[in-house]
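Step one of this worksheet: look at the structure below.
The values are calculated or read from the model by the stated rules, or taken from the named source; none is laboratory data. Since the structure is predicted, the reported quantities are computational estimates derived from the model, not experimental observations. Positions of Cβ are generated from backbone atoms using ideal geometry, with glycine treated the same way; all protein chains shown enter the neighbour counts. For the accessible areas, the whole protein counts, side chains as well, though only heavy atoms, and no ligand, DNA or RNA atoms are used. Shrake-Rupley method; radii C 1.70, N 1.55, O 1.52, S 1.80 Å.
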Amino acid sequence: MSAASNDTQQQTSTLLIGLSVVMTALIAAGCAADEPKAGDGNPSTVASQPFSTPPTVSWPFGTPTVPTSQVPPTALPEGITVDRRNPDSVALAAARIWYGWDTTRDQSPYAAALRTAPLMVPECRSRLAGQPPTGSPGDYWTQLALVHAKARLTADDVRLGAEDRPADSPGRAVRIVTVTQRFEADRPTPPRRYVVMMSLTSRSGTWYLGNPETGDCGVRPR
């Protein structure tokens with residue numbers, strides 16, 4: 001075989017190897033471009049949240065974004081009795097109402113919170129009604145709504161907690177309450193238990209939910 005022929009074969013071999021390397025690189029680049037990247041908006045599989053998902057944060061402790069006023073009720077829900085001269089009675093009634101969720105008529109836990117308005121000190125009542133939350137009520141509420149769950153809390157489902165709390169002072173009190181939230185629903189729904197804390201204010205012998213001086217205007221998970 002002539003030297004010219006050998007040179008031609010070597011050049012052809014080198015060219016083929018070069019083309020192979022280029023094609024491999026192009027194919028690899030194309031595959032990488034086709035693969036979804038984190039945060040590129042492509043859908044991904046997300047496991048459904050269990051019923052142990054934490055509940056929506058109680059209002060009005062979050063910063064509101066749209067101050068669309070609501071009209072608070074002037075009467076307590078049916079079946080709720082309270083001794084306004086007794087801070088224990090006010091605290092138990094407030095916790096029972098606050099967690100009395102009804103997904104068949106309420107859009108979020110805020111609706112139940114608003115039903116405590118007749119027990120609230122006026123400043124807190126205005127704040128609660130004037131600063132409703134916005135956005136989704138959360139996964140737990142959504143799962144309850146899918147089975148048309150209604151919380152059914154009796155007087156036995158709210159009890160004063162045994163935890164330490166600040167001593168009462170003239171016109172001020174703090175109460176800790178344990179709440180067991182039981183549901184009626186389209187399918188068995190496990191109950192939920194909470195430990196909550198609330199501040200109360202006394203004016204002219206009448207106890208109210210909330211302390212406008214500290215800004216504690218509701219039932220706060222402890």
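All conditions in (1) modelled with pLDDT under 95; (2) open to solvent by less than 30 Å² (accessible area, probe 1.4 Å); (3) under 21 Å from A117 (Cα atoms); (4) not hydrophobic (A, V, I, L, M, F, W, C) hold for T214, with the sole exception of (2). Would you confirm whether or not the range 200-210 contains a residue that is in contact with a helix residue (DSSP H, G or I) (Cβ under 6 Å, 6 or more places away or on another chain), touching a residue at least 24 places away in the same chain (Cβ under 8 Å), part of a loop (DSSP other than H, G, I, E, B) and surrounded by fewer than 20 Cβ atoms within 10 Å (Cβ to Cβ)? The answer is no; no qualifying residue exists. Do we find that V195 is farther than 14 Å from W101 by Cβ, among the β-branched types (V, I, T) and open to solvent by less than 30 Å² (accessible area, probe 1.4 Å) in this structure? For V195, the condition - farther than 14 Å from W101 by Cβ, among the β-branched types (V, I, T) and open to solvent by less than 30 Å² (accessible area, probe 1.4 Å) - is not met.
If a residue has to be touching a residue at least 40 places away in the same chain (Cβ under 8 Å), open to solvent by less than 30 Å² (accessible area, probe 1.4 Å), out of contact with any Lys or Arg (no Cβ under 6 Å at 6 or more places or on another chain) and of a type outside the set (A, V, I, L, M, F, W, C) to count, how many in the range 99-121 make the cut?
Initial filter on the range 99-121 (touching a residue at least 40 places away in the same chain (Cβ under 8 Å)): 99-104, 108-110, 113-121.
Narrowing the set further to residues that are open to solvent by less than 30 Å² (accessible area, probe 1.4 Å) leaves 99-103, 108-110, 113-114, 116-121.
Keeping just the survivors that are out of contact with any Lys or Arg (no Cβ under 6 Å at 6 or more places or on another chain) gives 99-101, 103, 108-110, 113-114, 116, 118-121.
Retained after the next criterion (residues that are of a type outside the set (A, V, I, L, M, F, W, C)): 99-100, 103, 108-110, 116, 118.
So the answer is 8.
Among the residues of the range 122-163, those identified as open to solvent by 40 Å² or more (accessible area, probe 1.4 Å) and part of a helix (DSSP H, G or I) are P122, E123, R125, S126, R127, D139, T142, L146, A155, D156. Of all the numbered requirements in (1) modelled with pLDDT under 95; (2) closer than 17 Å to R220 by Cα; (3) among the polar types (S, T, N, Q), S126 misses one, and that requirement is (2).
May I ask you to verify whether R159 is touching a helix residue (DSSP H, G or I) at 6+ places or on another chain (Cβ under 8 Å) and not hydrophobic (A, V, I, L, M, F, W, C)?
When the stated conditions are applied, R159 passes them.
All conditions but one from (1) open to solvent by less than 50 Å² (accessible area, probe 1.4 Å); (2) in a loop (DSSP other than H, G, I, E, B); (3) in contact (Cβ under 8 Å) with a residue 60 or more places away in the chain apply to A95; the one that does not is (2). Report whether or not T104 is touching a helix residue (DSSP H, G or I) at 6+ places or on another chain (Cβ under 9 Å) and part of a loop (DSSP other than H, G, I, E, B). Yes: the conditions hold for T104.
If you check L144 against the conditions, is it out of contact with any Gly (no Cβ under 9 Å at 6 or more places or on another chain) and of a type in the set (A, V, I, L, M)?
Here the answer is yes, as L144 does meet what is asked.
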